[in-house]
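Colleague: Mind looking over this structure? Questions follow.
The values are calculated or read from the model by the stated rules, or taken from the named source; none is laboratory data. None of the values given here were measured: they were computed from a predicted structure. Cβ placement follows ideal geometry from the backbone for every residue including glycine, while neighbour counts extend to all protein chains displayed.
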Amino acid sequence: MPRPPHRPGSPSRSAAPRPAADVAGLPARRLAGEVFAAVTEQRQALDDTLDRILASPPGRALEDRDRGLVRAIATTAVRRFGTIRRVLLDRMTSGLPDEGGPLPQVLATAVAQLLFMDVPDHAAVDLAIRLLLEDKHGQRYTKLANGVLRRVGRERDAILAALDPLALDTPAWLRRRWTAAYGEDAARRLAAAHMSEAALDLTFKTPDIRDRRAAELGGLVLPTGSLRLADRAPLPSLPGYQEGDWWVQDAAAALPARLLGVGAGDKVADLCAAPGGKTAQLAAAGAAVTAVDRSAARLERLKTNMARLGLSVEVEAVDATAMAGDGLYDAVLLDAPCSATGTLRRHPDVAWTKDDQDVFRLAALQTRLLAKAVDLVRVGGRVVYCTCSLEPEEGEAQIRGLLARDDRVERRPVDPSEIGGLEGAITAEGDLRTLPFMLPDADPRFSGLDGFFAARLVRVR
Ligand SMILES: C[S@@+](CC[C@H](N)C(=O)[O-])C[C@H]1O[C@@H](n2cnc3c(N)ncnc32)[C@H](O)[C@@H]1O
């Protein structure tokens, strides 16, 4: 986009009268543009913005198909924000007018449709022009928009042949970090993996239930134990949902709780628990779980989830860093708050709404939470620390720092057999480090997993 990201100010659309009846597909494009602007100009979270806009009028009145379209257009435009910005800049030699009203969001979402979605060119262009006509600022730029968008359509093949997700769709702060941490080749593969949507992975209460349900649900049982579905249906309509047999959890996110190795009767604290994916795993293994989270609202979601799954856990709404006591638990899981850069396939907005400062701020909190996790576990007990971040400060460096300053803990390396043989996901020190391009499949819908770090420690004194 010619307009730089992160610019404050609201997406302005107003003033010109709106037509009495919208043509088909127009409201979905209008709302997708609003969502895109909220993310790229105001750094709002994509999912929260979509939920808000689709829950209030006029989004609430949309048919399911159009709701899906809002989501798809906005997500694609955010995922491909860098490419779209470059494509527009290259074709608008004098840049974008300052007073263009909704022009930036209309152009960006139209280019997303032209390049990356199965939308006929004439529909994408015509609806974009209609949106501009609705706005007193935008209507001056219909000729410009028409020319630029038609040119993008004509030049589509050449544009798609020159895509470069690392150079264009990965902002500089992440490009720099990943190249330094993993090397340029891996950084390229990370960036490429982020251009695809994540599959839908399910975790089952037990392997037996999974094997019983797998045929009905279809999909693929992964070596790590999750069931991966290629097609997304509304969750409540899927077999086993009402019965509480499974929950949605990325294949990588399902690994850390397993590394804790808890069983019946173990007293376990899950320190950053909501909405409860890992709590459910621990409870399903028979542990007596205390689910701690500082967000009471998120704990309500955890309670709802546990109720559907028929699992019983204790819940404590507190800041874990303020918990008192020494050696109270047999095991502690710390799934710490983090920058979430390992989840860009499902949350592409994270790349554009966060920055280095978020990593530094969260790393400091993670250090304090980790010290608390060690206090709370008994001598001989285990701690698993994990984050869904690709940033070493939130993973490897946390454990290196802890082991250097706290002689109460030692590392217990992860064995490939504990994670479905994913040898490449174990670091030289024996920690778990998944990267989104791992677990490849010939069918791209079945490929990849979130970027996660996990380390297992034992308290020795
Ligand atoms: C990565 S999410 C946890 C996801 C969860 N473990 C799961 O598997 O579904 C991090 C959680 O940490 C919580 N949190 C952040 N700071 C906290 C603190 N100081 N004490 C307790 N919980 C905290 C957040 O509210 C958030 O729910």
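Colleague: Please go through the stretch 413-427 and pick out each residue that is of a type in the set (D, E, K, R) and either touching a Gly at 6+ places or on another chain (Cβ under 7 Å) or within 14 Å of Ala254 (Cα to Cα) (or both). Please lay out each step first, then the result.
Modeller: Filtering the stretch 413-427 down to residues of a type in the set (D, E, K, R) leaves 415, 418, 423.
The one that is of a type in the set (D, E, K, R) and either touching a Gly at 6+ places or on another chain (Cβ under 7 Å) or within 14 Å of Ala254 (Cα to Cα) (or both): Glu418.
Colleague: Oh, and also: Among the hydroxyl-bearing types (Ser, Thr, Tyr) and either at pLDDT below 95 or buried (at least 20 other Cβ atoms within 10 Å of the Cβ) (or both) - does that describe any residue in the stretch 355-369?
Modeller: Initial filter on the stretch 355-369 (among the hydroxyl-bearing types (Ser, Thr, Tyr)): 367.
Filter once more, keeping what is either at pLDDT below 95 or buried (at least 20 other Cβ atoms within 10 Å of the Cβ) (or both): none.
Scanning the stretch 355-369 turns up no residue that is among the hydroxyl-bearing types (Ser, Thr, Tyr) and either at pLDDT below 95 or buried (at least 20 other Cβ atoms within 10 Å of the Cβ) (or both).
Colleague: Something else about it: In the stretch 74-99, which residues are farther than 16 Å from Asp169 by Cα and either free of Cβ contacts under 8 Å to residues at least 24 places away in the same chain or buried (at least 23 other Cβ atoms within 10 Å of the Cβ) (or both)?
Modeller: Let us first name the residues in the stretch 74-99 that are farther than 16 Å from Asp169 by Cα, namely 91-99.
Those that are farther than 16 Å from Asp169 by Cα and either free of Cβ contacts under 8 Å to residues at least 24 places away in the same chain or buried (at least 23 other Cβ atoms within 10 Å of the Cβ) (or both): Thr93, Ser94, Asp98.
Colleague: Do you know which residues across the stretch 260-274 are crowded, with 21+ Cβ neighbours inside 10 Å and away from the ligand (no atom under 13 Å from the Cβ)? Show your work before the answer.
Modeller: Applying the first criterion (crowded, with 21+ Cβ neighbours inside 10 Å) to the stretch 260-274 yields 260, 262, 268-274.
Passing the criteria: only Val262.
Colleague: Taking the stretch 319-330, which residues are touching a helix residue (DSSP H, G or I) at 6+ places or on another chain (Cβ under 9 Å) and within 9 Å of the ligand (Cβ to nearest atom)?
Modeller: Ala320, Thr321, Ala322, Met323
Colleague: Given (1) more than 16 Å from the ligand (Cβ to nearest atom); (2) within 27 Å of the chain's Cα centre (by Cα); (3) of a type in the set (A, V, I, L, M), where does Leu402 come up short, assuming only one miss?
Modeller: In the conditions (1) more than 16 Å from the ligand (Cβ to nearest atom); (2) within 27 Å of the chain's Cα centre (by Cα); (3) of a type in the set (A, V, I, L, M), Leu402 misses (2) alone.
Colleague: Looking at the stretch 236-254, which of its residues are within 19 Å of Leu302 (Cα to Cα) and either at pLDDT below 95 or within 13 Å of the ligand (Cβ to nearest atom) (or both)?
Modeller: Pro236, Trp247, Val248, Gln249, Asp250, Ala253, Ala254
Colleague: Also, quick follow-up: With the requirement that a residue be surrounded by 14 or more Cβ atoms within 10 Å (Cβ to Cβ) and either of a type in the set (Gly, Ala, Ser) or in contact with a His (Cβ under 9 Å, 6 or more places away or on another chain) (or both), what does the stretch 199-216 give you?
Modeller: Residues of the stretch 199-216 that are surrounded by 14 or more Cβ atoms within 10 Å (Cβ to Cβ), as a first pass: 199-205, 209-210, 212-214.
Listed by number, the residues that qualify are Ala199, Ala214.
Colleague: Still on this structure, I have one more. Restricting the search to the stretch 300-318, which residues are within 8 Å of the ligand (Cβ to nearest atom) and surrounded by 15 or more Cβ atoms within 10 Å (Cβ to Cβ)? Write out each step before concluding.
Modeller: Initially, the stretch 300-318 is screened for residues within 8 Å of the ligand (Cβ to nearest atom), giving 302, 318.
Of everything in the stretch 300-318, just one residue is within 8 Å of the ligand (Cβ to nearest atom) and surrounded by 15 or more Cβ atoms within 10 Å (Cβ to Cβ), namely Leu302.
Colleague: Testing Pro348 on (1) more than 13 Å from the ligand (Cβ to nearest atom); (2) crowded, with 21+ Cβ neighbours inside 10 Å; (3) outside any loop (DSSP other than H, G, I, E, B), one condition comes back false. Which one is that?
Modeller: It fails just one condition, (3).
Colleague: Is it true that Gly263 is on the phi > 0 side of the Ramachandran plot and not hydroxyl-bearing (Ser, Thr, Tyr)? Full working, then the answer.
Modeller: Details: on the phi > 0 side of the Ramachandran plot: no; not hydroxyl-bearing (Ser, Thr, Tyr): yes.
Spelling it out, it is not the case that Gly263 is on the phi > 0 side of the Ramachandran plot and not hydroxyl-bearing (Ser, Thr, Tyr).
Colleague: When you go through Leu369, Leu333 one by one, which is the residue that is within 9 Å of the ligand (Cβ to nearest atom), touching a Lys or Arg at 6+ places or on another chain (Cβ under 7 Å), touching a residue at least 60 places away in the same chain (Cβ under 8 Å) and of a type outside the set (Asp, Glu)?
Modeller: Details: Leu369 fails: touching a Lys or Arg at 6+ places or on another chain (Cβ under 7 Å).
Just one listed residue meets the conditions, Leu333.
Colleague: Is there a residue in the stretch 11-20 that is at pLDDT 90 or above and of a type in the set (A, V, I, L, M, F, W, C)? If you could, list the steps in order and put the result at the bottom.
Modeller: As a first pass, look at the stretch 11-20 and keep what is at pLDDT 90 or above: none.
Among the residues of the stretch 11-20, not one is at pLDDT 90 or above and of a type in the set (A, V, I, L, M, F, W, C), which makes the answer no.
Colleague: Sticking with this one: Counting only residues that are touching a Gly at 6+ places or on another chain (Cβ under 7 Å) and surrounded by fewer than 20 Cβ atoms within 10 Å (Cβ to Cβ), which one in the stretch 137-170 is nearest to Val111 (Cα to Cα)?
Modeller: That would be Leu168.
Colleague: Restrict the check to the stretch 161-172 and report whether at least one residue is of a type outside the set (A, V, I, L, M, F, W, C) and farther than 18 Å from Leu390 by Cβ.
Modeller: Applying the first criterion (of a type outside the set (A, V, I, L, M, F, W, C)) to the stretch 161-172 yields 164-165, 169-171.
Filter again for farther than 18 Å from Leu390 by Cβ, leaving 164.
Scanning the stretch 161-172 turns up at least one residue that is of a type outside the set (A, V, I, L, M, F, W, C) and farther than 18 Å from Leu390 by Cβ.
Colleague: Scan the stretch 435-455 for residues that are crowded, with 24+ Cβ neighbours inside 10 Å and either out of contact with any Gly (no Cβ under 6 Å at 6 or more places or on another chain) or aliphatic (A, V, I, L, M) (or both) and jot them down.
Modeller: Correct list: Gly448, Leu449, Ala454, Ala455.
Colleague: Does any residue of the stretch 66-78 turn out to be in a loop (DSSP other than H, G, I, E, B), under 25 Å from the mean Cα position of the chain (by Cα) and at pLDDT 95 or above?
Modeller: The initial filter retains those residues of the stretch 66-78 that are in a loop (DSSP other than H, G, I, E, B), namely none.
Checking the stretch 66-78: not a single residue is in a loop (DSSP other than H, G, I, E, B), under 25 Å from the mean Cα position of the chain (by Cα) and at pLDDT 95 or above.
Colleague: Something else: Say we look at the stretch 336-345 and pick out the residues that are within 11 Å of the ligand (Cβ to nearest atom) and at negative phi; which of these is surrounded by the most Cβ atoms within 10 Å (Cβ to Cβ)? Give the steps one after another, and end with the answer.
Modeller: Within the stretch 336-345, the subset within 11 Å of the ligand (Cβ to nearest atom) is 336-340, 342-343.
Cutting the leftovers down to at negative phi gives us 336-339, 342-343.
Working: Ala336: 25, Pro337: 18, Cys338: 27, Ser339: 26, Gly342: 29, Thr343: 23.
For the stretch 336-345, the residue satisfying everything is Gly342.
Colleague: So, Arg378, is that one in the same structural domain as Ala425 (by TED's automatic domain parsing), touching a helix residue (DSSP H, G or I) at 6+ places or on another chain (Cβ under 7 Å), assigned to a strand (DSSP E or B) and more than 13 Å from the ligand (Cβ to nearest atom) or not?
Modeller: Working: in the same structural domain as Ala425 (by TED's automatic domain parsing): yes; touching a helix residue (DSSP H, G or I) at 6+ places or on another chain (Cβ under 7 Å): no; assigned to a strand (DSSP E or B): yes; more than 13 Å from the ligand (Cβ to nearest atom): yes.
No; evaluated as a whole, the condition is false for this residue.
Colleague: Residue by residue through the stretch 404-428, note down the ones that are assigned to a helix (DSSP H, G or I), among the aliphatic types (A, V, I, L, M) and in contact (Cβ under 8 Å) with a residue 24 or more places away in the chain.
Modeller: As a first pass, look at the stretch 404-428 and keep what is assigned to a helix (DSSP H, G or I): 404-405, 416-419, 423-425.
This time we only want the ones that are among the aliphatic types (A, V, I, L, M), so: 404, 419, 425.
If the condition is that a residue be assigned to a helix (DSSP H, G or I), among the aliphatic types (A, V, I, L, M) and in contact (Cβ under 8 Å) with a residue 24 or more places away in the chain, then Ile419 is the only one that fits.
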